[in-house]
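Below is one structure, written out as structure tokens, with a few remarks after it.
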Amino acid sequence: MPVHILCLILLAIGLAGYFLGRRRALQVAGGNAKLLHSLPAYHGWHVALMATVPALLLLALWLIVQPIYLENRVTGHLPPEMAATPADVSLAMSDIRRLAAGLETAVDAGVLTEEEVRDPAADPAALAATLKPLGVALGTTPTPQVLAAAREYRTTAARLSVARAAAVLAVALIGLIAALRMARVDLWARNRVERAVLGLLILASSVAILTTIGIVWSMLSESLRFFQHYPMADFFFGLTWSPNFKGGSELGFLPLLWGTMYITVIALAVAVPLGLYAAIYLAEYADPRLRAWIKPMIEVIAGIPTVVYGLFALITVGPFLRDYFAQPLGLGNSGSSVLNAGIVIGILNVPFISSLADDIINAVPQSLRDGSLGLGATRSETIRKVVLPAALPGIMGAVLMAASRAIGETMIVVMGAGAAAKLSLNPLEAMTTMTVKIVGQLTGDTDFAAPETLVAFALGMTLFAITLALNVLAVWIVRKYREQYE
Amino acid sequence: MTDLAANAPAGGRASRSLLVPSARMRRRNSAERRFRSYGLIAIVVSLLSLAVMLSTIFRDGASSFWQARLEFPVTLDAAVLDPKGNADPAEMAKQTTVTYGKLLDQSFAAILAAGGIDASGLTDKEIGAMVSKAAPAQIRDRVLADPSLLGQTITVDVLAAGRIDGYLKGRVTRETAARDRNVSPAQLDLADRLVGAGLLAERWNWDFITGPDASDTRPESAGLGVALIGSVYMMLLVLVMCVPVGVAASIYLEEFAPKNGWTDLIEVNIANLAAVPSIVFGILGLAVFINFLQLPQSSSLVGALVISLMTLPTIIIATRSAVRAVPPSVRDAALGIGASKMQAVFHHVLPLAMPGILTGTILGLATALGETAPLLLIGMVAFVTNYPDAPPEGFLDPATALPVQVYNWASRSDPAFIERSNGAIIVLLVFLLAMNVSAILLRRKFERRW
Amino acid sequence: MNMNDMRSVERIVNSHAAKIAAQNVQVHYGASQAIRDVSIDILDRTVTAFIGPSGCGKSTFLRCLNRMNDTIPTCRIEGLIRLDGEDIYDRRVDPVTLRAKVGMVFQKPNPFPKSIYDNVAYGPRIHGLVQGKAELDEVVEQSLRKAALWNEVKDRLSAPGTGLSGGQQQRLCIARAVATGPEVLLMDEPCSALDPIATAQVEELIDELRANFSVVIVTHSMQQAARVSQKTAFFHLGNLVEYGDTAQIFTTPQDSRTESYITGRIG
């Protein structure tokens, strides 16, 4: 039974539970709701929650455990040479899954009967030929072992699906009945419901922690697999990046780091002066009506998706830099360049810096400005000599956050920076970044056993660590700064 | 402090008139003006970049909503299309688009001859190439849907080839055509004559918004339909998954959470997740949802899961500030008449915070709608021409999303796809604008000062 | 000429000349009027105290004297204020030049987050009053001496000004104002954030500053006004009710409102 149907049935049971619970509560109170400790509606909720929550938890657990169980069970059928390493297993498993899904489609479409699928004497090649017109593309003709495993997979999955539905519905009904039997005049239904709701609230707020664990776990485990194939020192200190799926790749991280940092520096060189001066003007000079117009207009820059900036870099800024700077100066003829991506990321980050800097400048106490103006300083002297030095730590924090965003920016560099990993000083040359290579190595045909694919996880881990460190540092600096004026 | 009287005031006492500025004052004032102008320049440069970007997009993209179309009569020869003569759809389906293509070419050539349109110097193949390669399939679908058309002469309205469309839009010129293998200047001359005869014209193109994507050789028939459905599916799922969790988490953290290590851990996690690069969420989605949980690649469900996790911190931050803005007096009033804490929150605080939560949610969804990078990693960049099924099964079908379609088209070589990429951005921006405007209106309507 | 003005003309009994002459000054914040028709002559080398209940407009009027109100967008000022005979609201007058001549010390000590030395050197540096390090050192030392702070800080001039105690901070702000070489010093409740000992120090300092400057001090403490000032002006609801010699105001006030305030019946 498909999961969504199961969920709908659970929902129906919950709804029925609500009404049954309410009726039952009124019944035990002899129709006099005033005798009940809790309102009848809470009795209804009590029953509904008792019926659905444990069943849903079981379903969630089942959905996580079933694939693991299936994999363990099916790999037992594989000959040892096909299950030598974890990579081999994952490769074989994807074949098995594809084949099993193909068989399922064939049966659904009426091309094959259940008997034909189960027939152990069936010829794998003939089967593959039957499946092909259905859009089931099998890389190679499956071996008999794979076919057997796929059959096993299919039947086990079908059996487990029935068992899943039975178990989940049983738990739901048991919950329903138990809750109905609990109904008494002095049942503290409201308190029980509220405790359950509180539990759900805690669960919801823990999603953030689960996400972080998921990020760290997924990247760490795959990175470790990568480092089994490829020495850690060669990755972190290698000067060459030339992946080759046929083997013999050099996966040095430094050219990517260089490209990332070069672009980030250019982006900051654009964003910091523009953002800072814009913030100063808005906070210190602009009259409120102008500010009310300009500030949202600058914020629009941040509201536009990055892929739009990517296209802007690709078809407008890049060719412009190439035609008017790179070619006349003899510095190359590439539309993609570090400068291109840097400038566009810089523009994207202007509102980020300006709104942070605006907040920070506004947090500088007015008394300092008055003190300076009262001594006969001009506004700009006051800003440069009093306000900005006072706001400096906060602004540093904002710059670090902007740097972290520039390092993690993906679409603009994918479309505007280029794909060649280079260690060059020429800003008009195409270079590449960590994020470009993560996208490059993980899209298209990927083989999760090859170091060329797994390296993306190591890059992701490094990216995560760098941006996290920058942000933690920035948040710490900004907090220190705010405490100073509280 | 007896040294005071002995000292003259610092800086001398030569009192100057206020009305005559000193040279130094003039210098300081011009420094002031310079500094002030830097601020203005920064704002102007930033807004100008935005204006240049948006105007380039509209200049290059607006034309994708119009497409060159050819309108001419075609005789659907029953002997060719239904050789068995029994109008059985299964039999007729055996006639491939090649057959229809030939029929179309013949009809087109006949129209040229009948209309006295000079097509000399062009081979039949070149004349046929004026019509889009998507046209035969279009006619075939129409005939298969309605076999009674067999033998009739119907007026068809088909797409012109991409290069002809480009010529009418000014993208293709005779100079570029001379260097282009796909089109010749003679074909452009023919296009001029067809326009003159009223057979060829640019017309409003709904198919750009509703049609599926097309292969590299047929930019003229590429549309946004699949991407739009994918984006709508994802936004629905994000709304259903992310908002309840986000609101629940915010309520817990603002109203119930005790001050302890676990709460601090949650707080730190939310703050840090908001700053994690989006691509990292893509890696998470690939490793956890696709490789570990075996959910189907390219599906809108996986896309929505990834985007939900990404949007969650934004929603939580917005919801918390909305909940915090409800004054404590409201809670005290409810608790004072014997409501439980939970009742006070759900009956009083939450309804009052609702407009703020809604505004934050819409803005969070707007950001989510434009997110691209993580979707690339979970396979949503694939070439998908089949519309996903209706939900809920459709959530598992391969789909793309609007911003991914922008990227996808931008990375193809034919410049006609750049036009479509810009056009897709216009559609995307219209959605974002609508969402932002509704958030602003909502805020205006419910704005409340405590 | 209104009544206030005529009276104040009669009362100029001091030997010093008028430094600042205000005539019929009106101040509006948006729609509400904060100052009504105030005319007053402030004398050179004299301490003038502005007293009155909170919200009476005394601080607002003080801030008009060096155009600090210009920084508040909704504030509108009418009437005539002259410094040494020149209209300070004349279009040709740069408020920056004016403020160099009419310095200000604020209610809350507001040292810049810089070193003590840089705090005091700020004014001389921006106005270009000194040439060379030695001269600047001299001005800083003299100003700190005048503010009675030199002995306490001479060994830690590079320490941040924000690290001083409240009273020291306020004296640092006075030193900072003195270093600019102003002709008038405006003080807006300079002791309200200070403890009694620091207050006594600052009051002593104000008395000594009279030798070189015209000092205007806003205070809500009548005792303080009586202790430090020679002339006192009583403000009430935006009006200048009474202006005269301090001794006379506190012993034989002419106006019943002044009497009520001094005896503690309004305030």
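The values are calculated or read from the model by the stated rules, or taken from the named source; none is laboratory data. Fair warning: this is a prediction, and the values are worked out from it, not measured in the lab. Here the Cβ positions follow ideal geometry from the backbone for every residue, glycine too, while neighbour counts run over all protein chains shown.
List of remarks:
- Failed item, numbered, when C:Asn66 is tested on (1) surrounded by fewer than 22 Cβ atoms within 10 Å (Cβ to Cβ); (2) within 14 Å of chain B (Cβ to nearest Cβ); (3) farther than 21 Å from C:Val228 by Cα: (1)
Let's see how each residue does on (1) under 17 Å from B:Tyr407 (Cα atoms); (2) assigned to a loop (DSSP other than H, G, I, E, B); (3) modelled with pLDDT of 95 or more:
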{"residue": "A:Thr316", "(1), (2), (3)": "yes, no, no"}
{"residue": "A:Tyr324", "(1), (2), (3)": "no, no, no"}
{"residue": "A:Ser334", "(1), (2), (3)": "no, yes, no"}
{"residue": "A:Gly346", "(1), (2), (3)": "no, no, yes"}
{"residue": "A:Asp358", "(1), (2), (3)": "no, no, no"}
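- The set of residues from the range A:448-472 being of a type outside the set (Val, Ile, Thr), touching a Pro at 6+ places or on another chain (Cβ under 7 Å) and at the interface with chain B (Cβ under 7 Å from one of its Cβ atoms) comprises just one member, A:Leu463.
- Whether a residue is out of contact with any Cys (no Cβ under 8 Å at 6 or more places or on another chain), away from chain B (no Cβ under 11 Å) and within 30 Å of A:Ala92 (Cα to Cα) was assessed, and A:Glu429 does not pass this test.
- Of the residues making up the range A:366-384, those that are facing chain C (nearest Cβ under 7 Å) and farther than 24 Å from C:Glu183 by Cα number 0.
- Scan of the range B:278-309 for residues that are over 24 Å from A:Trp62 (Cβ atoms), among the aliphatic types (A, V, I, L, M) and at the interface with another protein chain (Cβ under 9 Å from one of its Cβ atoms), ordered by number: B:Ile279, B:Val280, B:Ile283
- Leading residue by the ranking (nearest to A:Leu70 (Cα to Cα)) among those in the range B:242-277 that are among the polar types (S, T, N, Q) and at the interface with chain A (Cβ under 7 Å from one of its Cβ atoms): B:Asn269
- Only one of the listed residues (C:Val93, C:Val153) is aliphatic (A, V, I, L, M) and closer than 24 Å to C:Ala200 by Cα. That residue is C:Val153.
- For the range C:67-84, residues that are in a loop (DSSP other than H, G, I, E, B) and in contact with a strand residue (DSSP E or B) (Cβ under 8 Å, 6 or more places away or on another chain) total 3.
- Qualifying residues in the range A:414-433 (those that are touching a Leu at 6+ places or on another chain (Cβ under 8 Å) and surrounded by fewer than 24 Cβ atoms within 10 Å (Cβ to Cβ)) - the one farthest from A:Ile315 (Cα to Cα): A:Leu423
- For the range A:72-87, the criterion of a residue being assigned to a loop (DSSP other than H, G, I, E, B) and either β-branched (Val, Ile, Thr) or not assigned by TED's automatic domain parsing to the domain that holds A:Thr143 (or both) is satisfied by at least one position.
Every residue, every condition in (1) at pLDDT 90 or above; (2) more than 26 Å from B:Glu255 (Cβ to Cβ); (3) touching a helix residue (DSSP H, G or I) at 6+ places or on another chain (Cβ under 8 Å), yes or no:
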position	(1), (2), (3)
A:Gly199	yes, no, no
A:Ile202	yes, no, yes
A:Ile213	yes, no, no
A:Gly248	no, yes, no
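- Qualifying residue in the range C:29-41 (condition: surrounded by fewer than 21 Cβ atoms within 10 Å (Cβ to Cβ), touching a strand residue (DSSP E or B) at 6+ places or on another chain (Cβ under 6 Å), of a type in the set (S, T, N, Q) and in contact (Cβ under 8 Å) with a residue 12 or more places away in the chain): no
- Filter result (part of a helix (DSSP H, G or I), of a type in the set (D, E, K, R) and without any contact (Cβ under 8 Å) to a residue 40 or more places away in the chain) within the range C:163-221: C:Arg171, C:Glu203
Matching residues to (1) among the hydroxyl-bearing types (Ser, Thr, Tyr); (2) surrounded by 23 or more Cβ atoms within 10 Å (Cβ to Cβ); (3) under 17 Å from A:Val439 (Cβ atoms):
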| position | (1), (2), (3) |
| --- | --- |
| B:Pro328 | no, no, no |
| B:Ile337 | no, no, no |
| B:Val345 | no, yes, no |
| B:Gly356 | no, yes, no |
| B:Leu396 | no, no, no |
| B:Asn408 | no, yes, yes |
| B:Ser413 | yes, no, no |
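- Qualifying residue in the range A:350-360 (condition: within 14 Å of chain C (Cβ to nearest Cβ) and crowded, with 19+ Cβ neighbours inside 10 Å): yes
- Members of the range B:339-365 that are hydroxyl-bearing (Ser, Thr, Tyr) and either within 19 Å of B:Gly285 (Cα to Cα) or assigned to a helix (DSSP H, G or I) (or both): B:Thr359, B:Thr361
- Residue match in the range C:104-112 (condition: assigned to a strand (DSSP E or B) and facing chain A (nearest Cβ under 9 Å)): yes
- Looking only at residues in the range A:285-327 that are of a type in the set (Gly, Ala, Ser) and touching a residue at least 12 places away in the same chain (Cβ under 8 Å), the one that is farthest from the other protein chains (Cβ to nearest Cβ) is A:Ala326.
- Note on the range B:210-228: residues that are within 12 Å of B:Gln405 (Cα to Cα) and either hydrophobic (A, V, I, L, M, F, W, C) or touching an Asp or Glu at 6+ places or on another chain (Cβ under 9 Å) (or both) total 8.
- Residue identified as on the phi < 0 side of the Ramachandran plot and more than 32 Å from the chain's Cα centre (by Cα) among A:Phe320, A:Phe312: A:Phe320
- Those helices (runs of 4 or more DSSP H) lying entirely in the range A:121-237 with at least 2 residues under 29 Å from A:Leu61 (Cβ atoms): A:144-182, A:189-205, A:207-229
- Unique residue being assigned by TED's automatic domain parsing to the domain that holds B:Met234, among the small types (Gly, Ala, Ser) and closer than 21 Å to A:Leu470 by Cα when the list is B:Ala318, B:Ala274, B:Ala249, B:Ala304: B:Ala274
- Condition check for C:Asn119 on (1) modelled with pLDDT of 90 or more; (2) within 11 Å of chain B (Cβ to nearest Cβ); (3) buried (at least 20 other Cβ atoms within 10 Å of the Cβ); (4) part of a helix (DSSP H, G or I): one failure, at (2).
- Matching residues in the range C:122-145 - criterion: being outside any loop (DSSP other than H, G, I, E, B) and either at the interface with another protein chain (Cβ under 8 Å from one of its Cβ atoms) or touching a strand residue (DSSP E or B) at 6+ places or on another chain (Cβ under 7 Å) (or both): C:Tyr122, C:Gly123, C:Pro124, C:Ile126, C:His127, C:Val139, C:Gln142, C:Ser143, C:Arg145
- Index of the failed condition, A:Ala398 passing every other in (1) in contact (Cβ under 8 Å) with a residue 12 or more places away in the chain; (2) within 7 Å of another protein chain (Cβ to nearest Cβ): (2)
- Helices (runs of 4 or more DSSP H) wholly inside the range B:366-450 that include at least 3 residues being more than 30 Å from A:Pro2 (Cα to Cα) and within 12 Å of chain A (Cβ to nearest Cβ): B:402-410, B:415-446
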